[in-house]
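The values are calculated or read from the model by the stated rules, or taken from the named source; none is laboratory data. Everything quoted here is computed from the prediction, not taken from an experiment. Here Cβ is always computed from backbone atoms with ideal geometry, including for glycine, and neighbour counts include all displayed protein chains. Just the protein is used for accessible areas: all its heavy atoms, side chains included, with ligands, DNA and RNA removed. Shrake-Rupley method; radii C 1.70, N 1.55, O 1.52, S 1.80 Å.
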Amino acid sequence: MRFTDNHCHLYDARLPGGATQAVDEARAVGVHRMIAVGCDADTSAAAIDIAGQFDGVWATVGLHPHEARYGVGTITGLLDSPKVVAIGECGLDYFYDHSPRDVQRQAFADQIQLAHERRLPLVIHTRDAWADTFDVLDAEGVPDTTIFHCFTGGADEARLGLDLGAYLSFSGIITFKTADAVRDAARLCPLDRMLVETDAPYLAPVPHRGRPNHPAFVPFVAAGLAEAVGLSLEQVADATDRNAAVAFRLPIS
């Protein structure tokens, strides 16, 4: 089996051994592709640098809602790298409100427009902000490829996202005992719209919960997703690996 971790932060200092060890360990368990996701200018540049060092690793450029106050102009100069495959992560986070909500909404709208202009997929982070997330998408127009990263909604949010043509990306949360709503959402998700991710170093799946997460743990996420939807691990691995290649326009190998 082969897997794609479509969302990880390979530059994060909490990954023991750094990006090299993380990539090596992931490859050893069949995770042959990884997407290093940027959250601001510095981390987007770091993601691009790491992607340039490894085959099978790509990068995104984005301004996380926590960093929205810095403005989208701080990241646009990074978009020309051939290793950049998406805009994001971007969106709205009303749980922490590290940037004012109006500023978050503007930065989100600006990045949706970047996705349109550059014809790149959009990677969305949304927390406690579903209604406004869908309102901004409706106002700006949904990019041709849209991914709800670390999907934490329930059935209603899943239906709305799927109706927009989006992919739902499931993280280690799907293995948590308390995540019944996420599992309900997964059961509504067609096989060709599912993705798996680690969000490393965050949200390590059971049985590694409480430790720093690694891209090498994505098979545990896929196993949790397979159990939730009543499919084999092989089916979920094959589908999500193929879906990631289609969504991010990666080489199919």
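Structure values in brief
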{"quantity": "Amide H partners (placed H, <5 Å) of G38, local residues excluded", "calculated": "T60, V61, G62, E89"}
{"quantity": "Of V61, V136, V84, the one that fluctuates the most in a GNM where the chain has Cα springs shorter than 10 Å", "calculated": "V136"}
{"quantity": "Residues of segment 84-124 with amide N under 15 Å of the 7 Å Cα→Cβ point at L164", "calculated": "87-94, 105-116, 121-124"}
{"quantity": "For T198, residues with placed amide H under 5 Å, excluding near neighbours", "calculated": "N6, H7"}
{"quantity": "Nonlocal amide H pairs with V31, under 5 Å, H built at 1.01 Å", "calculated": "F3"}
{"quantity": "Alpha-carbon gyration tensor eigenvalues x 5, square-rooted, for segment 2-94, Å", "calculated": "23, 13, 11"}
{"quantity": "Choice from S44, S232, S169 with maximal GNM fluctuation in the chain (Cα, 10 Å cutoff)", "calculated": "S232"}
{"quantity": "Protection proxy ranking, peptides 47-56, 238-247, average beta carbon neighbours within 10 Å, highest first", "calculated": "238-247, 47-56"}
{"quantity": "Volume per residue of the C-alpha convex hull in segment 153-253, rounded to whole Å³", "calculated": "94"}
{"quantity": "Heavy-atom accessible area order for H9, H32, largest first, 1.4 Å probe", "calculated": "H32, H9"}
{"quantity": "Extension gain from Q21 to E227, taking 0.36 nm per residue of separation minus the Cα-Cα distance", "calculated": "71.3 nm"}
{"quantity": "Rounded percent of accessible protein surface that carbon and sulfur make up, segment 17-146, 1.4 Å probe", "calculated": "46"}
{"quantity": "Under the Karplus curve 6.51 cos²θ - 1.76 cosθ + 1.60, θ = phi - 60°, whole-Hz ³J(HN,Hα) for segment 196-206, x wherever Gly or Pro sits", "calculated": "10, 8, 9, 6, 3, x, 8, 6, 4, x, 4"}
{"quantity": "Share of pairwise Cα separations in the chain, more than 25 Å, in percent", "calculated": "36"}
{"quantity": "DSSP bridge orientation in segment 1-157 - percent antiparallel, rounded to nearest 5", "calculated": "0"}
{"quantity": "Whole-Hz couplings from phi, Karplus 6.51/-1.76/1.60, listed for segment 145-152; x for Gly and Pro", "calculated": "10, 9, 10, 8, 6, 6, 4, 10"}
